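Below: the structure, in structure tokens.
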Amino acid sequence: MVLDTLRGKWALRRNVDPTGEQLIGDADFASTGESTLTYRESGILRLRDGRELSASRQYRYCAIGNRVDVQFADGPNTGKLFLNLEFSRKNWGYEATDTHVGGDDAYHAFYRILDAGSFETVIRVIGPRKAYDLRSRYSKVSRTTLDRLLFPLA
């Protein structure tokens with residue numbers, strides 16, 4: 001159910017609080033099996049000093065009963081569990097939370113699926129040298145929206 005809602009292309013806007021960095025890009029949840037989606041995001045990260053960097057990340061979302069396991073799908077932790085999300089139904093959509101501990105740092109994740117066209121995540125990172133929130137908003141990209149982006153004058 002949750003994977004069906006997530007499947008597809010999304011516009012992504014992420015703010016880093018309180019430091020002020022911002023990522024603008026896109027994300028794609030693509031089917032890679034009966035109960036699995038591969039998540040790929042890419043975008044431009046604007047730093048506080050105005051510099052811009054290319055950024056990308058991948059995860060694997062695996063539905064197991066009412067749970068969704070989120071695994072790293074790139075970098076040195078590929079295949080390792082990042083989050084174990086158990087979504088509950090709310091009157092406005094679905095919600096899930098979990099915490100990942102990596103070294104001295106804790107990553108507290110909050111997912112809210114508001115409707116079939118939007119969802120948001122907040123990942124609060126706390127550690128000896130880290131203290132920030134990654135606030136991400138996703139908006140479903142329709143075929144018409146893609147056409148306008150690719151062929152603006154047509």
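What are the residue pairs meeting all of these: first residue in region 5-20, first residue under 9 Å from Arg137 (Cα atoms), second residue outside any strand (DSSP E or B), Cβ atoms under 6 Å, and 6 or more apart or on different chains? Qualifying pairs under 6 Å: Ala11/Val141.
Against the definition (basic (Lys, Arg), out of contact with any helix residue (DSSP H, G or I) (no Cβ under 8 Å at 6 or more places or on another chain) and over 19 Å from Lys140 (Cα atoms)), how does Arg48 come out, yes or no? It would help to see each step written out before you state the result.
Numbers: basic (Lys, Arg): yes; out of contact with any helix residue (DSSP H, G or I) (no Cβ under 8 Å at 6 or more places or on another chain): yes; over 19 Å from Lys140 (Cα atoms): yes.
When the stated conditions are applied, Arg48 passes them.
Among the conditions (1) under 19 Å from Ala109 (Cβ atoms); (2) at pLDDT 95 or above; (3) open to solvent by 40 Å² or more (accessible area, probe 1.4 Å), Ile44 misses just one, which is (1).
Is one or more of the residues making up region 100-109 of a type in the set (Asp, Glu) and not in a strand (DSSP E or B)? Yes, that holds for at least one residue. It is to be established whether one or more residues within region 16-29 are assigned to a strand (DSSP E or B), polar (S, T, N, Q) and more than 13 Å from the chain's Cα centre (by Cα). Yes, region 16-29 contains at least one residue that is assigned to a strand (DSSP E or B), polar (S, T, N, Q) and more than 13 Å from the chain's Cα centre (by Cα).
Filtered by the rule that a residue be in a strand (DSSP E or B), open to solvent by 50 Å² or more (accessible area, probe 1.4 Å) and not basic (Lys, Arg), region 53-83 gives Leu53, Ser54, Ser56, Gln58, Ile64, Leu81. Candidates are the residues of region 1-14 that are open to solvent by 50 Å² or more (accessible area, probe 1.4 Å) and more than 13 Å from Glu41 (Cβ to Cβ); the one that is modelled with the lowest pLDDT is Met1.
Among the residues of region 95-106, those identified as within 23 Å of Trp10 (Cα to Cα) and open to solvent by 20 Å² or more (accessible area, probe 1.4 Å) are Glu95, Thr97, Asp98.
The values are calculated or read from the model by the stated rules, or taken from the named source; none is laboratory data. Predicted, not measured: the structure shown is a model, and the values here were computed from it. Cβ coordinates were reconstructed from backbone atoms using ideal geometry, including for glycine residues, and neighbour counts include every protein chain displayed. Note: areas computed on protein heavy atoms with side chains; ligands, DNA, RNA excluded. Shrake-Rupley method; radii C 1.70, N 1.55, O 1.52, S 1.80 Å.
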